[in-house]
Every structure is written in structure tokens, then in C-alpha cells.
Amino acid sequence: GEKVEQHESTLSVREGDSAVINCTYTDTASSYFPWYKQEAGKSLHFVIDIRSNVDRKQSQRLIVLLDKKAKRFSLHITATQPEDSAIYFCAASMFLTNAYKVIFGKGTHLHVLP
Amino acid sequence: NAGVIQTPRHKVTGKGQEATLWCEPISGHSAVFWYRQTIVQGLEFLTYFRNQAPIDDSGMPKERFSAQMPNQSHSTLKIQSTQPQDSAVYLCASSFLGGLYEQYFGPGTRLTVL
């Protein structure tokens with residue numbers, strides 16, 4: 001079936017460094033790629049997304065890159081801060097049967113070390 | 001805007017009892033999603049409604065689990081004859097139009113089956 005693979009299950013970086021989380025997807029027709037953040041003890045919330053008509057999007061310290069040829073997308077967090085520590089989920093939206101379905105990756109636990 | 005509301009926040013049931021979980025989506029959102037999250041399995045998709053109609057229930061265990069959306073202001077997930085392996089956090093999310101837009105997650109219902 002259609003899959004989204006999130007390559008790093010855990011990632012540790014020093015405060016101030018950049019963090020990169022990589023995801024791949026299987027369906028070439030996927031057109032929407034959101035990212036969600038889950039802080040300890042809380043629910044998920046949306047942080048940034050990218051659509052297939054662009055290959056880069058930035059929102060403050062967050063950058064998303066999309067390589068449609070390689071079916072790969074990544075989240076770059078620059079100048080990391082302790083509050084960036086959380087689980088990050090990538091997702092891809094693909095058309096299945098009769099509707100767009102969002103497939104989530106397994107999540108990456110980001111630790112920002114002081 | 002109160003966001004997505006889920007009740008109860010915590011529920012403890014005995015093995016074999018029934019559990020009903022409630023979700024109130026954000027007003028104006030036409031899509032409602034249910035997910036289950038555990039440490040072992042991560043985030044699992046259960047089912048998806050759009051304009052109250054069931055669109056995709058491919059993630060729902062075929063026995064004991066059912067979901068409904070009787071009106072645009074609430075959805076329910078019912079688990080009959082609960083088992084310890086049903087213990088999880090059940091998340092409800094809503095979005096403006098479905099799989100091509102960001103999802104807003106509720107705080108979740110933590111179900112514990114003794």
C-alpha cells in the first residue's frame with residue numbers, strides 16, 4: 001500500500017544547530033505534504049506544509065524542501081531552540097479510491113540539547 | 001474558536017465493556033478524522049468523514065469498532081467489548097475540506113482498558 005517513511009526515529013542536535021528530518025513517499029500523485037509537531041503530553045499541531053507545485057517553502061526558522069523526482073521531502077529547523085524538542089510527523093496526501101487520504105510517517109523524536 | 005473538542009479526556013473501562021468517545025469538530029470544517037496513537041504502533045489512521053458521510057474506514061478494526069457522524073457538529077467512535085489492546089490515545093482531527101488541507105487535532109481521549 002501507499003507509505004510514508006520517516007527515516008530518523010530519533011534525532012539529537014545542539015541548541016543553535018540545524019535539524020533535518022527526512023521523509024519519503026511512494027505515490028507519485030501525492031500533492032500535499034504537511035508537517036505536525038507533538039510536544040510532550042500534548043496533541044499534534046500543524047507547523048508547515050508544502051504543495052507539489054513548489055519545491056521550497058519557509059516559515060521563520062522552518063524550511064520544507066520537496067524533491068518530487070526522488071519522492072522525498074524534508075523539514076529543516078534552523079537555529080534550534082529547546083522548545084523545538086518534540087516529535088515531528090511528516091505526512092503525504094494521496095488520492096485513494098474516492099478521496100484524498102493523509103498518510104503519516106512514524107514520527108521523529110527531536111531532542112535539542114543545551 | 002475553541003478548537004476540536006474531545007470528551008471525555010480520560011476513560012477507564014473494564015475488559016468487555018463498551019466505550020464511546022466524542023468529538024466536536026471546528027465549526028465550518030467539513031472533514032473529520034479519527035486516529036489512534038500508542039507507543040508501539042505510533043499514529044494509526046482509523047476513519048474519515050466528509051460532510052458527515054463516511055469516506056474511508058480502512059483503518060478501523062472490523063469487529064467491535066464503529067464510528068458515526070450524525071450531524072456536522074459531532075462524531076462518535078464506539079468500541080464494543082473493549083480489550084486491553086484497545087488502550088491508547090484516540091485523536092480526532094478536523095479540516096476545512098479534507099485531505100488537502102491542514103488538520104486541527106483535538107487533545108485526545110486516553111482510553112485505558114483494565
Expressed as a whole-number percentage, the relative contact order of chain B with C-alpha contacts under 8 angstrom and at least six residues apart is 37 percent
Quick shape check on the protein assembly as shown: root eigenvalues a ≥ b ≥ c of the Cα gyration tensor, a/c under 1.5 is rounded, otherwise prolate if a/b tops b/c, else oblate, and it reads prolate
Would you mind ranking B:T20, A:T24, B:T82 so that the residue whose beta carbon has the fewest other beta carbons within 10 Å leads the list?
B:T20, A:T24, B:T82
In the Gaussian network model of chain B, springs joining C-alpha atoms below 10 Å, which of B:I39, B:I79, B:I55 carries the largest mean-square fluctuation?
B:I39
Would you mind checking the pairs A:K3/A:K42; A:K57/B:K62; A:K3/B:K78 and listing those with alpha carbons more than 32 angstrom apart?
A:K57/B:K62
Label the stretch A:28-96 by shape, choosing from rounded, prolate and oblate, from the square roots a ≥ b ≥ c of the eigenvalues of the Cα gyration tensor; if a/c is under 1.5 it is rounded, and otherwise prolate applies when a/b is larger than b/c, oblate when it is not.
oblate
Loop-located trypsin sites (Lys or Arg not before Pro) in the stretch B:51-114 whose Cβ has at most 16 other Cβ within 10 Å (DSSP)
B:K62, B:R64
Looking at B:M60, A:H7, A:L65, which one has the Cα that reaches farthest to the positive end of the dipole of the protein assembly as shown (charges on Cβ: Lys, Arg +1; Asp, Glu -1)?
B:M60
Out of B:V40, B:V89, B:V32, a Gaussian network model of chain B with alpha-carbon springs under 10 Å gives the largest mean-square fluctuation to B:V40
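Could you size up the charge dipole of chain B around its Cα centre, putting +1 on the beta carbon of Lys and Arg and -1 on that of Asp and Glu, and report it in debye to the nearest 20?
Computed charge dipole of chain B: roughly 260 debye.
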Chain B, Gaussian network, Cα under 10 Å: of B:L21, B:L46, B:L97, the residue fluctuating most is B:L97
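How big is the charge dipole of the stretch A:13-114 about its Cα centre, in debye rounded to the nearest 20, if each Lys and Arg gets +1 on its Cβ and each Asp and Glu gets -1 on its Cβ?
340 debye
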With every atom except the alpha carbons ignored, what do you get for Rg and Dmax of chain B, in angstroms?
13.2, 39
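Readers should treat all values here as calculations from the given coordinates under stated rules, not as data from a laboratory. Just so it is clear, the structure is predicted and the values come from calculations on it, not from any experiment. Neighbour counts run over all protein chains shown; Cβ positions are idealised from the backbone, glycine included.
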